[in-house]
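Asks: Once you've had a glance at the structure underneath, I'll fire off some questions.
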Amino acid sequence: MTREPRFGALAADARWQKAWEAANSFATTDSADKPKAYILEMFPYPSGRIHMGHVRNYAMGDVLARFKKMTGHDVLHPMGWDAFGMPAENAAMEKGVHPGGWTRDNIASMRGQLKRLGLAIDWSRELATCDPDYYGQEQALFLDLFAAGLVTRKESYVNWDPVDMTVLANEQVIDGRGWRSGALVEKKKLSQWFLKITDFADELLEGLGGLDSWPDKVRLMQENWIGKSQGLEFSFKLVGGAAGFDVFTTRPDTLFGASFAAISPDHPMAERMAQDAPELADFIAECRRQGTSAEQLETGEKLGFDTGLTVEHPLDPALHLPVWVVNYVLMDYGTGAIFGCPAHDQRDLDFARKYGLPIHRVIADGDETAQHFTGDEAYTGPGKLVNSHFLDGMTIDEAKAAIVSRAEHEGWGKGTTVWRLRDWGVSRQRYWGTPIPFIHCHACGTVPVPKDQLPVVLPEDVDFSIPGNPLDRHPTWKHVRCPSCGGDAVRETDTLDTFVDSSWYFLRFASSPSDRPFDPEVIRRWLPVDQYIGGVEHAILHLLYARFWTRALHKMGMIDIVEPFASLFTQGMVTHETYSREQGEGLPPLYFTPDEIERSADGATLTADAAPVQVGRVIKMSKSKKNVVDPDAILDQYGADAARWFMLSDSPPERDLPWSEAGIEGAWRFVQRLWRLFGDTENVGDGGEDRALARKLHQAIAGVGADIEALGFNKAVAKIHALANDIEKAKPSATRAEACLTLIRLVAPMMPHLAEEAWAALPAGQRATTLVADAAWPTADPALLVDDEVTIAIQMAGKLRDTMTLAKGLDKDAIEAAALARPRIAELLGGATPKKVIVVPDRLVNIVP
RNA sequence: GCGGACGUGGCGAAAUCGGUAGACGCAGCAGACUUAAAAUCUGCCAUCCUCUGGAUAUGCGGGUUCAAGUCCCGCCGUCCGCACCA
């Protein structure tokens, strides 16, 4: 094969992608004697086009997968599609296309885009969650969960998105608005399916402790989300004998500071009272209207309604506390009722000040012990109990324990744990999702679809001309016979939250039998995922749900593992400058795309009119700011390897990566530079050895490998650059020729097409495998990893004064003597004896004069 | 409000255990090659000074240490998550 002077990326990309496919290079192997590596990147939603964030994500996973293959692992590196969801239905409504057709078209074009990146993926395992093969097995698992008591159906207030006409999980409500539509969310009472994730709250929290290879940030976010609080639950008795209500507190120690009791506007007692009290009914309605609005949350104004009822203080029945209905008490946390202790809780203090309720100090703030509390800042710090009868003098912890034990002894309360985490509502009033496999029968109630009737397949003929759920108004689909009594019945028309689809797909990748969700034997071999890579935006929802499913399946005896992802990596976003011009007052700035812009060192101009534009902050690529760069255009111009290389260069992978034209140009130049170097594998010069270069080569082999293993791609890139510099500067020698040859394999995981092209150009005797994809990672010679000479710094009083090169491994005395013998040091010392000399062998000498 | 992370040249960054701060890349400057450009190659590139040397430098102010980007205390700033969670 004749060698071209320049690397023709476009032709080479296509050629090698075809060669890998023909050779089936990335089919998952399973040889008993090799360690396994399951490398997984979060599967994409088929929105239509891949974006740079995908390129970065999949480039990282791909480097790792290829490296694992080269280092003798059986590698599982699959790809699939998170294919259900709202955008497909929106497209259906806007463009009149079928969600299924739209989704499948998108998958086809995105698959093509991903293949252009040259990813080492086993495409035979590709799956889409919208295939009945997949969601039918999901329905089977859902029935298993039901049988295990982990699925319930209950009436509950749900977050209703009036624009998307669907229910949202709490996690999908952001600042009181739907996460997709941005519409103000309303409360609505509906019968909904729930997965009992709260059964696993404790386990999911405890399990975080074992996830050493997860980012601390993600573990902390999950911990906060699960939100474990320990405290006291006790009942208030209404004065006058009627039944009271339960409250929960994490501060039972402040019980003597109680000055009122408060219940949520959604509390059953409040609703009952409202039936005969129109003013209260109005107040409750007002709270519901305001409860979710953004400005309500911001101003945080405390509103209350005095019911006129009073309750007995549990420790002093003579003391009566007024009962208020209060807007800041949430029904779905704790018991929906509290006692107010204004001196030591800011919200209660704001409320008490507004409505003139008493404020009693019960925790000493340093020397301040007066019962009468002044000021507008509640004291929440540590201190001894005061004004609290038998608790006086105790610490907060002692007092908590004393109250809990007394409550339990006297029978009016008990120590308890309350979770922030709530059961996962999975019902969605949507078409494009997994049908929930249940049937409602007048006679038999809600009955599961028998497993032999799965999958419950979505009907194709649906109408999107009006909002709401097309399944619900489909003429025939929902009408079925009851599997139990054979009478007329209707299907459940809700579909599953798409987060269910992504809660087990990593199991299906390992094995996809047609008659079950997965093969437990195969799961035993491949799971957990060794390295999971994706965006931090999934830190809570997806990752928590996947952990829950894994634990649930474990509890049901279906799998052995309890955690799905042994190691997690959350990568940063791809960002870009923005280019804009002000359009005048009241108008938003006009943004321009990067390819409309001429960028120079000191600014940017619009190509069309050659006039300057404003260069804005480097922010996440987004369509609205027009700072997006299309991966296809980059691949056309520079090829896959330059794009991959740039994605991996410079920025640490967990941090944001600023995309720049100059950066991709630099990557492209480096690709060409390597191509020239790879032409030198037979240029041995005088044929001699170059010991110094050999050291650098072997240090690079070890260093690059270690960096890739640790996902330090930017460091691996820097080391390859440094080695390329060293090789270029070295005189031709046998060592240099060998270094050029070895460098091909060092860059192969990151620039696989270039590496194959260079590999193929080698004389047959120089390569052990036909494809570099099948080659082994080079072995570093331990003898060459250490230098035999070291440069030692000589400091005086901590300041660098001189350096010297000595043999490695000299003892302290020899190093000290050598340092003191340096003319410069002798001169600075001026004949005086140093007070102290610290020697760190092979590193430095610090002389304290 | 609560919790967390981060702050190093013009820019992205490195410094793995407290031991020579700024590797590597981008941008820039100077030069070589060229009729010219591109490409390529060579060199320079933290700041200041009295410049074969020296001083100051890792957000700011303290501290520990022979030695601090790294450890401790207190500020300031930026970003992220949660948010009336009792």
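The values are calculated or read from the model by the stated rules, or taken from the named source; none is laboratory data. Quick caveat: nothing in here was measured; it's all calculated off a predicted structure. Because the Cβ atoms are built from the backbone with ideal geometry, glycine has one as well, and the counts that use them run over all protein chains shown. For accessibility, only protein heavy atoms count, side chains too; no ligands or nucleic acids. Shrake-Rupley method; radii C 1.70, N 1.55, O 1.52, S 1.80 Å.
Asks: What distance in nm separates the simple spin-label points at residue A:189 and residue A:519, each placed 7 Å from Cα in the Cβ direction?
Replies: Between residue A:189 and residue A:519, the simple spin-label model gives 5.1 nm.
Asks: Calculate I(q)/I(0) for the range A:525-672 by the Debye formula, one identical point scatterer on each C-alpha and no solvent, and give its log10 at q = 0.08, 0.13 Å⁻¹ to two decimals.
Replies: Log10 of I(q)/I(0), two decimals: -0.37, -0.75.
Asks: Oh, and also: Considering every pair of different Cα atoms, what Kirkwood radius, in Å, is found for the range A:652-725?
Replies: 14.3 Å is the Kirkwood radius here.
Asks: So between residue A:32 and residue A:230, what do we pick up on full extension, going 0.36 nm a residue minus the alpha carbon distance?
Replies: Taking residue A:32 through residue A:230 to full extension adds about 66.4 nm, to one decimal.
Asks: With the crude spin-label approximation of a point 7 Å out along Cα→Cβ, what separation in nm comes out for residue A:276 versus residue A:585?
Replies: 6.0 nm
Asks: Which value at 222 nm does chain A reach when only helices count, each DSSP H run of 4 or more adding -39,500 (n - 2.57), with the total divided by all residues and rounded to the nearest 500 deg cm²/dmol?
Replies: That calculation yields -11000 deg cm²/dmol at 222 nm.
Asks: Taking a label point 7 Å from the Cα of residue A:488 along the Cα→Cβ vector, which residues of the range A:415-444 have an amide N closer than 16 Å to it?
Replies: Inside the label zone: A:440-444.
Asks: Still on this model: Could you derive backbone 3J(HN,Hα) for the range A:38-50 from the dihedral phi with the Karplus parameters 6.51, -1.76 and 1.60 (θ = phi - 60°), listing whole Hz in sequence and x where the residue is Gly or Pro?
Replies: My calculation for the range A:38-50 gives 9, 10, 9, 9, 4, 6, x, 7, x, 6, x, 9, 7 Hz in order.
Asks: Rounded, prolate or oblate for the range A:714-767? Axes are the square roots of the Cα gyration tensor eigenvalues, ordered a ≥ b ≥ c, and the cut-off for rounded is a/c under 1.5.
Replies: oblate
Asks: Taking the Cα centroid of the range A:86-154 and of the range A:509-537, what is the distance between the two, rounded to the nearest whole Å?
Replies: A separation of 16 Å, based on Cα centres.
Asks: Taking only the Cα atoms of the range A:328-391, how large is their convex hull per residue, in Å³?
Replies: Per-residue hull volume (Cα only) is 105 Å³.
Asks: Given contacts defined as C-alpha pairs under 8 Å and at least six residues apart, what's the relative contact order of chain A, whole-number percent?
Replies: Once normalised by length, the contact order is 13 percent.
Asks: Once the whole set of protein chains is in place, how much accessible area is left on residue A:187, using a 1.4 Å probe, in Å² to the nearest 10?
Replies: 100 Å²
Asks: Can you give the charge dipole size of chain A about its Cα centre, rounded to the nearest 20 debye, using +1 on the beta carbon of Lys and Arg and -1 on the beta carbon of Asp and Glu?
Replies: Values: 89 positive and 118 negative charges, 310 e Å.
Dipole magnitude for chain A comes out near 1500 debye.
Asks: Within the range A:612-680, report the trypsin sites (Lys or Arg not before Pro) that DSSP leaves as loop and that have at most 15 other Cβ atoms within 10 Å.
Replies: Of the trypsin sites (Lys or Arg not before Pro), the ones in loops of the range A:612-680 whose Cβ has at most 15 other Cβ atoms within 10 Å are A:617, A:623, A:655.
Asks: Tally Lys/Arg at +1 and Asp/Glu at -1 over every other residue whose Cβ is under 15 Å from the Cβ of residue A:849; what's the total?
Replies: Taking every Cβ under 15 Å from that of residue A:849, the sum is +3.
Asks: Oh, and also: Count the net charge of all other residues whose Cβ sits under 11 Å from the Cβ of residue A:97, scoring Lys and Arg as +1 and Asp and Glu as -1.
Replies: -1
Asks: Okay, next question. When we measure straight from the Cα of residue A:384, which lysines land under 27 angstrom away, once same-chain ones fewer than 8 places off are left out?
Replies: Counting by Cα, and skipping residues close in sequence, residue A:384 has these lysines nearby: A:228, A:400, A:414.
Asks: Considering only protein heavy atoms and a probe of 1.4 Å, how much of the accessible area of the range A:502-551 is carbon and sulfur, as a whole percent?
Replies: Looking at the range A:502-551 in its full context, I get 49 percent from C and S.
Asks: While we're on this one: Given the range A:498-601, what percent of its DSSP beta bridges are antiparallel, to the nearest 5?
Replies: 40 percent
Asks: Shifting gears a bit: Is chain A best put as rounded, prolate or oblate by its Cα gyration tensor, with a ≥ b ≥ c the root eigenvalues, rounded for a/c under 1.5, and otherwise prolate when a/b is larger than b/c, oblate when not? Can you show the working numbers first?
Replies: Working: a/c = 2.12, a/b = 1.41, b/c = 1.51.
Because a/c hits 1.5 or more and a/b fails to exceed b/c, chain A counts as oblate.
Asks: With every protein chain left in place, what is the accessible area per residue of chain A in square angstrom, probe 1.4 Å?
Replies: 44 Å²
Asks: Mind checking which of A:688, A:845, A:352 is farthest towards the positive end of chain A's charge dipole, using Cβ charges of +1 (Lys, Arg) and -1 (Asp, Glu) about the Cα centre?
Replies: Toward the positive end, the furthest listed residue is A:688.
Asks: Give the Kirkwood hydrodynamic radius (Å, one decimal) of the range A:408-453, defined as one over the mean of 1/r across all pairs of different Cα atoms. Spell out each step's value before the answer.
Replies: Values: mean 1/r = 0.0650 Å⁻¹.
In the range A:408-453 this quantity evaluates to 15.4 Å.
Asks: Note down the net charge around residue A:331, summing +1 for each Lys or Arg and -1 for each Asp or Glu among other residues with Cβ under 11 Å from its Cβ. Before the final figure, lay out each step's value.
Replies: Numbers: positive: A:187, A:288; negative: A:266, A:271, A:332.
Every neighbour counted, the sum reads -1.
Asks: According to the square roots a ≥ b ≥ c of the eigenvalues of the Cα gyration tensor, what is the shape class of the range A:752-849, taking rounded for a/c under 1.5, prolate for a/b larger than b/c otherwise, and oblate for the remainder?
Replies: Prolate shape, in that a/c is at least 1.5 and a/b is the bigger ratio.
Asks: Counting only DSSP beta bridges with both residues in chain A, what percent are antiparallel, rounded to the nearest 5? Write down the numbers at each step before the final one.
Replies: Details: 85 of 108 bridges.
Counting DSSP beta bridges with both partners in chain A, the antiparallel share is about 80 percent.
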